[in-house]
Amino acid sequence: MKTMTKKERVFSALNRQEVDRPPVANPTSVATVEMMDLVDAPFPEACRSAELNARLAATEITEFDFDSIAPYFSIIQESSAIGCDMQWEQKDNWPTVRMSNPIWQSASDVKVPKDFLEHKDTKVIIDSIKILRKEFGNDIPIIGKTMGPWTLAYHVFGVEKFLLGTIDNPSETKLALEKLKEFTYLFGEAQIDAGADILTVPDHATGDLVSGQYYKTFLQELHTEMAENFKVPLILHICGQTVDRMPAIAETGMHAFHFDSKNKPQEAMNAVQNKIALVGNINNPETLYSKTTTDVKKEVFECLNAGVQIIAPECAIPLKTKSENLIAITEGVSDWISEHNKN
Amino acid sequence: MFEHEGLSKEFEFVTKESEIKHIGDSIKNTSLKMQTIAFALIQGDQDTVGQITKECLEDGITANEILDNGLLNGMSIVGVKFRDNIIFVPEVLIAARAMKAGMAHIEPILSESGIEPPGKVIMGTVKGDLHDIGKNLCIMMLRGAGFTVYDLGVDTSPEDFADGFEEYQPDIIGMSALLTTTMPNMGRTIQYFEDIGLRDEVRLMVGGAPVTQEFADEMGADAYGESAIDAVEKAKELILLLKDLKN
């Protein structure tokens, strides 16, 4: 098979088609402190300046030879632009929304600020994508990211209040999600216009918090609608245990699902029945953060043996992950191919 | 099985032999009113829990009896269902809210009576981490098991934990983290307690999504709670150890 460009490889994998080799891509983030130091683009500035953001995002290609670039490192850019109370933190920690100080009480409060897309913290991602597109041309896929309404609801209403509302007043919850999805569309479309080839949609209806039935009741329809309306492939990301909701996720028409190491690769592949591509699921807190390259490669092999289409860390990687463990992901894929060809 | 049909059905979710015996024995000789409180708590029906608790107190039933035979029996089944993925966080939150509605009536009486709780705990999410759902679940479960718990909130520095220790004199300090970037702050807090000479005065327990037993051991924690339910079990074990040490 002829050698594919990174873009061809990732797109083929997303479409569950044949590839010259399985791609390595993280649809969430590969920012690390080591890379921040290398290119002098530390947090939180790299989350707030397009130039620094693009410089840090580019290390995914220049240092690790992954098959894509994802310039949105956290989950808070929209929430900052909406007006949430923020804690920007330092180089060694992700910025966070102070969810204990929610800005809205009910669905009727949900309104898109006039300057939402001109706000510094949304514009930084849009401008970074433009820089990266210009710098890397069309052969490297850029993965944008736009938060789903469920995750935004945690930020604007507070986690506990929002989850209590799902039982006290599910109609109100549905209305809030319906209104919040406007942010998902606006920010996603703006990134596509700027040059994003693919969008990740994190929407944390995780099995660590809510049941699989919740996914069907509150989100499946919204995600199906997104898959129909966005003009680029979508990768849904949900952390934690999700195997119980994977069959429903697989029916949405999204191109891929980025899954957590709490779900075994083979179990996940069985759950989705080849109706959606899977991206994942190298363990972050133990394997990438503190184990050896051998351990990383072992997990790469487990994913590839199961048929996972795109190899990736399970989520945004720990900021203090060693580079050698990230390089080991790509090496693991090469080792697997060599072994596969021998047999 | 029990006089209350709904509670009997809820009890079917308890499948471990030791729990069937422990929880079953605790429920079987209780009155219909106590069983109604337990059932309403599992359903998250705060109005019924509050109302019946109030009526029972007016009828002369003791606060302790309502706590043990009604509220805590209900919370035990909630704990089992949560651990076994039969219910999830929203269902636990409404059960905890119902528990609170009952406790609002009985807590003042218990405080006046001077009965000692099984243990005193302070809890916080560590420095740099603003996630509180895991911590809050642990607090609810610990309170549900009768512990007195003081919540230090989120973004809690080692110094804040030390201040909390000085103020509340707890048996246990619980630390929570959701982020891989912040979980090392648990180790820093443990080290801080070493540095200021308080390490042997209190038991330190850790937990949170990225935290593992291995990581807890490396940091020198006294216990690791894999889940909110497990945190309660570990807290009970630590209290027993402390009692043994005192004896």
Checklist entry - Which one of these does A:Glu60 not meet: (1) more than 18 Å from the chain's Cα centre (by Cα); (2) acidic (Asp, Glu); (3) at pLDDT 95 or above? => result (1)
Checklist entry - Which of the residues that make up segment B:1-53 are among the acidic types (Asp, Glu) and in contact (Cβ under 8 Å) with a residue 40 or more places away in the chain? => result B:Glu10, B:Glu19, B:Asp45, B:Asp47
Next on the checklist: Based on this model, can you work out whether B:Val206 counts as within 14 Å of chain A (Cβ to nearest Cβ), of a type outside the set (Ser, Thr, Tyr), within 18 Å of A:Thr287 (Cβ to Cβ) and in contact with a helix residue (DSSP H, G or I) (Cβ under 9 Å, 6 or more places away or on another chain)?
Outcome noted: no
Next on the checklist: Suppose the filter is aromatic (Phe, Trp, Tyr), assigned to a helix (DSSP H, G or I), crowded, with 20+ Cβ neighbours inside 10 Å and within 14 Å of chain A (Cβ to nearest Cβ); does B:Phe82 pass it?
Outcome noted: yes
Item to check | Every residue from segment A:66-90 that is in a loop (DSSP other than H, G, I, E, B), within 12 Å of chain B (Cβ to nearest Cβ) and free of Cβ contacts under 8 Å to residues at least 60 places away in the same chain | outcome: A:Asp85, A:Trp88, A:Glu89, A:Gln90
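Here's the yes/no breakdown for (1) within 14 Å of chain B (Cβ to nearest Cβ); (2) not in a helix (DSSP H, G or I):
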{"position": "A:Met99", "(1), (2)": "yes, yes"}
{"position": "A:Val124", "(1), (2)": "no, no"}
{"position": "A:Glu135", "(1), (2)": "no, no"}
{"position": "A:Asp139", "(1), (2)": "no, yes"}
{"position": "A:Trp150", "(1), (2)": "yes, no"}
{"position": "A:Val156", "(1), (2)": "no, no"}
{"position": "A:Lys161", "(1), (2)": "yes, no"}
{"position": "A:Ile167", "(1), (2)": "yes, no"}
Next on the checklist: Suppose we filter segment B:143-193 for residues that are closer than 14 Å to B:Gly208 by Cα and part of a helix (DSSP H, G or I); how many remain?
Outcome noted: 4
Item to check | Selected residue [within 27 Å of A:Pro313 (Cα to Cα) and surrounded by fewer than 17 Cβ atoms within 10 Å (Cβ to Cβ)] from B:Glu237, B:Glu214 | outcome: B:Glu214
Checklist entry - Does A:Gly280 satisfy being on the phi > 0 side of the Ramachandran plot and either without any contact (Cβ under 8 Å) to a residue 24 or more places away in the chain or touching a strand residue (DSSP E or B) at 6+ places or on another chain (Cβ under 8 Å) (or both)? => result yes
Next on the checklist: Criterion first (under 15 Å from A:Arg16 (Cβ atoms) and either surrounded by 17 or more Cβ atoms within 10 Å (Cβ to Cβ) or more than 17 Å from the chain's Cα centre (by Cα) (or both)) does A:Met254 satisfy it?
Outcome noted: yes
Checklist entry - Does segment A:254-270 contain any residue that is acidic (Asp, Glu), within 14 Å of chain B (Cβ to nearest Cβ) and in contact (Cβ under 8 Å) with a residue 12 or more places away in the chain? => result yes
Checklist outcome for this item: Taking segment A:242-287 and the residues there that are touching a Gly at 6+ places or on another chain (Cβ under 8 Å) and among the hydroxyl-bearing types (Ser, Thr, Tyr), the one that is nearest to A:Ile317 (Cα to Cα) would be A:Ser261
Next on the checklist: Looking only at segment B:209-229, count every residue that is free of Cβ contacts under 8 Å to residues at least 60 places away in the same chain, within 28 Å of B:Gly146 (Cα to Cα) and either within 14 Å of chain A (Cβ to nearest Cβ) or of a type in the set (Phe, Trp, Tyr) (or both) and tell me the total.
Outcome noted: 8
Checklist entry - Would it be correct to say that B:Pro170 is closer than 21 Å to B:Glu237 by Cβ, more than 14 Å from every other protein chain (Cβ to nearest Cβ), surrounded by fewer than 23 Cβ atoms within 10 Å (Cβ to Cβ) and in contact (Cβ under 8 Å) with a residue 60 or more places away in the chain? => result no
Next on the checklist: Restricting to segment A:214-247, name every residue that is among the β-branched types (Val, Ile, Thr) and over 23 Å from A:Lys264 (Cα atoms).
Outcome noted: A:Thr217, A:Thr224, A:Val232
Checklist outcome for this item: How many residues of segment A:1-44 are part of a loop (DSSP other than H, G, I, E, B), among the hydrophobic types (A, V, I, L, M, F, W, C) and either surrounded by fewer than 21 Cβ atoms within 10 Å (Cβ to Cβ) or touching a residue at least 40 places away in the same chain (Cβ under 8 Å) (or both)? The answer is 7
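Do we find that B:Gln35 is of a type outside the set (A, V, I, L, M, F, W, C), over 18 Å from B:Ala228 (Cα atoms), outside any loop (DSSP other than H, G, I, E, B) and touching an Asp or Glu at 6+ places or on another chain (Cβ under 7 Å) in this structure?
yes
The values are calculated or read from the model by the stated rules, or taken from the named source; none is laboratory data. Since we're looking at a predicted model, the values are computed, not measured. Every residue, glycine among them, receives a Cβ derived from its backbone with ideal geometry; neighbour counts consider all protein chains shown.
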